[in-house]
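Enquirer: Please read through the structure below; I'll follow up with questions.
The values are calculated or read from the model by the stated rules, or taken from the named source; none is laboratory data. In this text the structure is predicted, and so the values were computed from the model without any measurement. When we count neighbours, we look across all protein chains shown, and the Cβ atoms used for this are built from the backbone with ideal geometry, even at glycine.
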Amino acid sequence: MARTDRGAQDSGLAPYPPRDVAPAAPPRRRRGRGGGGEQLNVPPAEFTSYYGRPVLKAPVWRWDIAAYLFTGGLAAGSSLLAAGGQLTGRPALRRAGRVTSLAAVGASAYFLVNDLGKPSRFHHMLRVAKPTSPMSMGTWILTVFGPAAGVAAVAEAAPRLPERGLLGVGRRLLPPAGQAAGLIAAATAPALATYTGVLLADTAVPSWHEAYPELPTIFAGSALASGAGVGLIAAPTAQAGPARRLAVAGAALELWGSHRVENRLGLLSEPYTIGTAGRLLRAGRALTAAGVAGALLGRRSRVLAALSGGALLAASVCTRFGIFHGGVASARDPKYTVVPQLDRAQRREQGTSDVSGPGAGPNPGAGR
């Protein structure tokens, strides 16, 4: 009733609004392409963080997920190494790759189930196959890869079985089954090596989300390098040729991707260059370079080849943990969420939005 002057006078109240208050500024107009635009009845919002608290909730993942990223890549790279040894007649290389692949995928399953809390949750994810969900696809990739890697590894024990009886049948059937299973695992390995990069980029964590083109490349290179490290350690130098070539290819992909995430993303590259993530990624680059150099120079030295393989495995660990810590750090500091949003808002107002620049993300038009 008091929202009109007459109603306020009848109620014994001051006019609404009070006469001693300065009139409000005229509403701003948002300029459009045609010179006009809609009226804004509220002042422009200032994106701030509530008492400096994170805008996003940091991932609750612990070290076991970072370890899962490493072991999954190691399993994929080792299966590719085993397939190379199988197709080129290098039994030591094949054996080392198969056994390592099974051990690594077993560790991956443990780390994943440990994070999920209950083994039944992994089973429940198999109730549906959702192509748009990296987690759903990753579950099915593991389900296909794991048994294939297991059969291929068990086939290596066939020569130790007796020639007669029921075990003799296994001695005859396991080698061809192992060859087929090894090729199936190798065919699934690229998806296993890269889906975790897609999974991280599919989150709202700023430095993971904006690195969506580079993360699968980094993880693929890291997987190849770690598999090469296994071959350099376990196989004689005469059979380590495919491992050396795998090391060069993996190092090239990993170093290129790491350089990109540390330089292309603007402010969102910062978490990868400072703190724990920065130290780990710098160590990873140094170990990768040392491992490749040793692999190429140590063609006749078993000791140098083994040291190079160890360096490549350590480099893969540092890279995976560095990427993990960099993303978590970007979620904990509100500036990595707020500042890119302000930059995008300013570019839209000025009509100079660059959908391919830093902070654009895989779907830059969704916020318009």
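Enquirer: List pairs: first in segment 291-312 and small (G, A, S), second not in a helix (DSSP H, G or I), Cβ under 7 Å, 6+ apart or cross-chain?
Expert: Going by the 7 Å Cβ cut-off, the qualifying pairs are A305/A240; A305/G298; S308/G298.
Enquirer: Can you name every residue in segment 294-327 that is assigned to a helix (DSSP H, G or I) and either acidic (D, E) or surrounded by fewer than 20 Cβ atoms within 10 Å (Cβ to Cβ) (or both)?
Expert: Within segment 294-327, L296, L297, R302, V303, L304, A306, L307, G310, A314 qualify.
Enquirer: I would also like to ask the following. Which pairs turn up if I take residues in segment 117-134 that are charged (D, E, K, R) and look for partners that are modelled with pLDDT of 75 or more with beta carbon separation below 7 Å, at least 6 apart in sequence or on another chain?
Expert: K130/S136
Enquirer: Would you point out the residue of segment 86-105, among those that are farther than 16 Å from G72 by Cα and surrounded by 24 or more Cβ atoms within 10 Å (Cβ to Cβ), that is farthest from the chain's Cα centre (by Cα)?
Expert: Checking each candidate, the answer is R90.
Enquirer: Among the residues of segment 292-338 satisfying the criterion of being out of contact with any Asp or Glu (no Cβ under 7 Å at 6 or more places or on another chain) and among the β-branched types (V, I, T), which is farthest from T203 (Cα to Cα)?
Expert: V303
Enquirer: If you take the residues of segment 204-222 that are of a type in the set (F, W, Y) and part of a helix (DSSP H, G or I), which of them is nearest to C318 (Cα to Cα)? Lay out the reasoning, then the answer.
Expert: Narrowing segment 204-222 to residues of a type in the set (F, W, Y): 208, 212, 219.
Filter once more, keeping what is part of a helix (DSSP H, G or I): 208, 219.
Values: W208: 17, F219: 12 Å.
Checked segment 204-222; the qualifying residue nearest to C318 (Cα to Cα) is F219.
Enquirer: Still on this structure, please answer the following. Restricting to segment 116-134, name every residue that is within 21 Å of V198 (Cβ to Cβ), in contact with a helix residue (DSSP H, G or I) (Cβ under 8 Å, 6 or more places away or on another chain) and either crowded, with 16+ Cβ neighbours inside 10 Å or not charged (D, E, K, R) (or both).
Expert: L116, F122, M125, L126, V128, A129, P131, P134
Enquirer: Now a separate question. Look through T237, T288, T276 and report the one residue that is surrounded by fewer than 17 Cβ atoms within 10 Å (Cβ to Cβ), among the β-branched types (V, I, T) and in contact (Cβ under 8 Å) with a residue 24 or more places away in the chain.
Expert: T276
Enquirer: Looking at G138, G170, which is the one that is of a type outside the set (A, V, I, L, M, F, W, C) and surrounded by 19 or more Cβ atoms within 10 Å (Cβ to Cβ)?
Expert: G138
Enquirer: In the set V338, V355, V328, V317, which member is over 24 Å from A238 (Cα atoms) and either in contact with a strand residue (DSSP E or B) (Cβ under 9 Å, 6 or more places away or on another chain) or modelled with pLDDT of 95 or more (or both)? Outline the logic, then answer.
Expert: Details: V338 fails: either in contact with a strand residue (DSSP E or B) (Cβ under 9 Å, 6 or more places away or on another chain) or modelled with pLDDT of 95 or more (or both); V355 fails: either in contact with a strand residue (DSSP E or B) (Cβ under 9 Å, 6 or more places away or on another chain) or modelled with pLDDT of 95 or more (or both); V328 fails: either in contact with a strand residue (DSSP E or B) (Cβ under 9 Å, 6 or more places away or on another chain) or modelled with pLDDT of 95 or more (or both).
The unique qualifying residue is V317.
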